[in-house]
1. What share of the DSSP beta bridges in the protein assembly as shown is antiparallel, in percent to the nearest 5?
2. Distance check, please: which entries in A:K391/A:K639; A:K86/A:K108; A:K86/A:K190 exceed 23 angstrom between their Cα atoms?
3. When you look at the Cβ of every residue in B:231-241, what mean number of other chain Cβ atoms sits within 10 Å?
4. Counting protein heavy atoms only and a 1.4 angstrom probe, how many square angstrom of accessible surface do chains A and B bury in total, to the nearest 100?
5. Per-residue ellipticity at 222 nm for chain B, helices alone: DSSP H runs ≥ 4 residues times -39500 (n - 2.57), over residue total, nearest 500 deg cm²/dmol?
6. Could you sort the peptides A:481-489, A:386-394, A:42-50 by per-residue average Cβ neighbour count (10 Å cutoff), highest mean leading?
7. What whole-number volume per residue, in cubic angstrom, does the convex hull of the C-alpha atoms of the range A:486-611 give?
8. Using the crude model of +1 on Lys and Arg Cβ and -1 on Asp and Glu Cβ, and no other charge, please compute the dipole size for chain B relative to its Cα centre, in debye to 20.
Amino acid sequence: TCVQCLGDGNTSLQKLATSIVFFFCLSDVSCNSVEQKIYVELNNTVPCVRLLNATHQIGCQSSISGDTGVIHVLESEEDLEWPLSKGPNPPYMVLLESSLFTRSIMMKMKNESNRVAGVAVVVPNTSPPEFSPHTTCPNENTGVYSDNYGPNLAHCNTTVWNPRGNGLSYEEFDFPVFSLKEDNETEFIKQCYLDHNRAVNGSAPQYPLCAMQLFSHMHAVTNTPTCMRRNDINFSINPEMVCDPLGDYNVWGSIRPYNDTVFGHKENESVVIAAARLDSRAFFWEVSTGAEGSVSGFVTLLAAAQALREVTHEAPPTRNILFAFFQGETFDYIGSSRMVYDMENGKFVIDLDNIHSVLEIGQVALHSGNNLFLHSDPVSRRNNTVNDVVKNLVNNLQSSTAGLGFLLVEPNVSQPLPPSSLQRFLRAQPIPGIVLADHESAFNNRYYESFYDNAANLNLTYPSDLSPEEQLEFVTHTAESLTDVATVVARALYKQAGGDESRVNTIKADPKIVTQMLYGFLVSSNNSWFQAVMAPELKNILKPSPPEYYVGVAMSSTPTRLVQYLLANLTGAATNLTQSQCQKPDELPNESRQMYSYLWVQGIVPPNSTERDSFCVRASVRLTKAVSPAFELGEYASKDYSTWTESRWKFIKARIFLVASRDLEMLTLGVGVAVLFTSLLVTYFISTKADVLFSSTREPASAAY
Amino acid sequence: MTAAVFFGCAFIAFGPAFSLFIFTIAKDPLRVIILIAGAFFWLVSLLLSSLVWFIATKATNAQDLTLQKNLLIFGSIFSVILQEVFRFGYYRLLRKANEGLAAISEEDGPPLSVREMAYVAGLGFGIMSGAFSMINTLSDSLGPGTVGMFGDSQYYFITSALMTLALTMLHTFWGVVFFEGCERKRWWVIAVVLCVHLMVFSLSLLNPFYVGSILPVYAIMLLMAVWAFFSSGGSLHNITLLWTCRKSNAETSS
């Protein structure tokens, strides 16, 4: 995290000079500050930061005063020879197009890292054919499959889920790697390279050369136990923290409310859990879009929750349905492992024995051939009771697709569950569960956990002549197909929870809501619908761009808040409470803060007025902490739980400038020293002989020199 | 451009001033006081002239670049005139103070001659003027980059340091000549100093054509050095005396 976003290490002289210059550079006066002649700050850059777990550190590191290198624009893999061996002015700062951002090139540069000062990757607006920096087998050590449980299924021995993965996100680089957008700044950098750094006819390029400096110094080293130990050192009044655990909040809501103060096992309570994950990641810090990886799943689940609202009020099913949205699943299942831990230790409103079955929505937006697949765990299905419940769930799901254009199919071969939160539940006890996904074996997602997994990956296109508000309402093909999936999920959940069979066909998800959610989560979060469902004090988290799905360390992730308020608006009820009553509902006879959460939301702007129609929503939607149990227990080297932490840093910036040759610098120093010595000698000489030199008009009784 | 350039330029710009300070001023507290007061006078003159310039720029269109450049030239000419006015003001102040110092000193008569005060005052002006010219540039020379991205010459730092050195020495010489002229009531000296100052300023406008700006400025500096030498009591005879003195010392000691 950014602790102190000011430059460090300025001498007081520099501060004086810059403050003097700043005084003269106020407002519109065009000022020839020397610094502006030298440096060009790069503003649209995203760094790669360091993450640590129990045994390793991954990511990138720069030196504390930045890494400077002569810019070299890489043209092909063979051109790597120039920065790595042939170039006469190491170290080099290599500028890569995204097509060259491959594992082989990065590994070559990692091996010769004394000649590479850093890497800058230009990220284009169009995606390459495929790119996934994640590993081929996501979360392989913290899932359910291990040497004790389905050993032939562990470590992706039967199915490689992410075959396109090159594992770059999990490599450690000791030089900084930044990403640049394809804009004017990058053009300027390339022009600077063409003007100054090109070798003419095989001879070395002449000084001054164009160089880049990247600052991304990370404070944490080695692994999580080391950095957590260093966090605890209490030397001074202001202890320096070096890393923070990744985590945020899980969102959960249920059809029938639970008393939030009564934890543990509930007698005769049987719950169907519907789960989805909220987060994703990318190689660079925080710029994760996760369209297929996570958004498709949780949008479907939100739409299903909305579809179930009416029918569960009129004809409540036997079992309760609990909608759970887990954060931090990318990093070894932080959210789901925390919920399972809470259930095991009686810190959640239900416990594992109350769970009847689990239906998880995985990646569901890219179904080609119109089939979706129902993944289940073959090891737990060897138990007949579990198997029966699973078969029943499969039946419920398959019968729910009547009238819609696709089928739900179980995979042909016996293969493990894909990476999913259900695996953490199975680690605790054999629970029947199904993961719904659009891939039969390997992912259909060609950009799993990368910054290209965006709206374009889902073919989310709008006609070009629409305004943003019209785009919000426009129902895209993607929205229609996800609506159908949501309808299937809602019907299956209702049947699974023992609801009235005659009402099943009335359950339909609303495509309007799905397309508005897709627009808000993948194109622009600052739209009128999101503004209407959010609280007034949270409206600043809405931006004209899509939200970031990286789980982060600040416990204030935008997707969590959005999903919390959306779930409340879609499954809860609007009440007549005033704003002060909404904050203290316990004073009213029929309301209870223990059973429900009361959220004051902005509401829409009525046509003929400017004031918003705010109101109080009562919903059984809660947030629970999603920080890995390893940090609660203090087991920072845990092999069972996620131990991911993110390093802290002071500032991150990038700039380009020209560097002069060493010869000119030494010449300047030499001339300076010569001038100093000469002046010292001459002054000494003149001052000792002053009486002779200036004797003719010495005034009487004046002081001697 | 890194520490080598920082120290090189610092030594070039402030080396002579530093050595003058160490060998001729630092031992005598009165001289130090006159030096610092001189620096302060120069500073006040710069502040007032920059106020005028600031008001002028604020009152006009900030986007019109030629107008702003002309305003800068006007402001600098005004600053040169104001500096000379303040030099005259400082001369008057020192003359008045001299009588008071003579009254309280232990010896009979004033502790410092007008010549010494002239030299110290000029050096004070020069040091402060050099500091203001150079400190900003020096602080930016510490970083890894050098000037040149937007077409400026890469010798920017060295030439800035050389100009600062020349300006410091010029202020010293002007101080000597100016005070001597005021003492002898030769008012044309003031006019000449003002004109030479304006000439140096206009030569500096020729940057980055460094050949046309630095070489003439150094030529002027040499001329002023000769004039200051003669006006502070030196003569060719003294130089030959010095030479023969050294020769005879060498002969007797060998």
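1. Numbers: 49 of 87 bridges.
Percentage antiparallel, nearest 5: 55.
2. Working: A:K391/A:K639 33 Å; A:K86/A:K108 14 Å; A:K86/A:K190 21 Å.
Flagged as over cut-off: A:K391/A:K639.
3. Values: counts 1, 5, 8, 7, 5, 0, 2, 7, 3, 0, 4.
Partner-chain Cβ atoms within 10 Å, mean over residues of B:231-241: 4.
4. Values: alone 32050 and 14450 Å², together 41300 Å².
Counting both chains, the buried surface is close to 5200 Å².
5. Numbers: 8 runs with 203 residues, N = 254.
Here the helix-only value at 222 nm equals -28500 deg cm²/dmol.
6. Working: A:481-489: 26.1, A:386-394: 17.7, A:42-50: 20.2.
Packing proxy ranking, top to bottom: A:481-489, A:42-50, A:386-394.
7. Details: hull volume 22.9 nm³, N = 126.
Hull volume normalised by residue count: 182 Å³.
8. Values: 14 positive and 13 negative charges, 70 e Å.
With Lys and Arg at +1 and Asp and Glu at -1, about 340 debye.
The values are calculated or read from the model by the stated rules, or taken from the named source; none is laboratory data. The model shown is predicted, which means the values in this text are computed figures rather than measured ones. Here Cβ is always computed from backbone atoms with ideal geometry, including for glycine, and neighbour counts include all displayed protein chains. Accessible surface areas use protein heavy atoms only, side chains included; no ligands, DNA or RNA. Shrake-Rupley method; radii C 1.70, N 1.55, O 1.52, S 1.80 Å.
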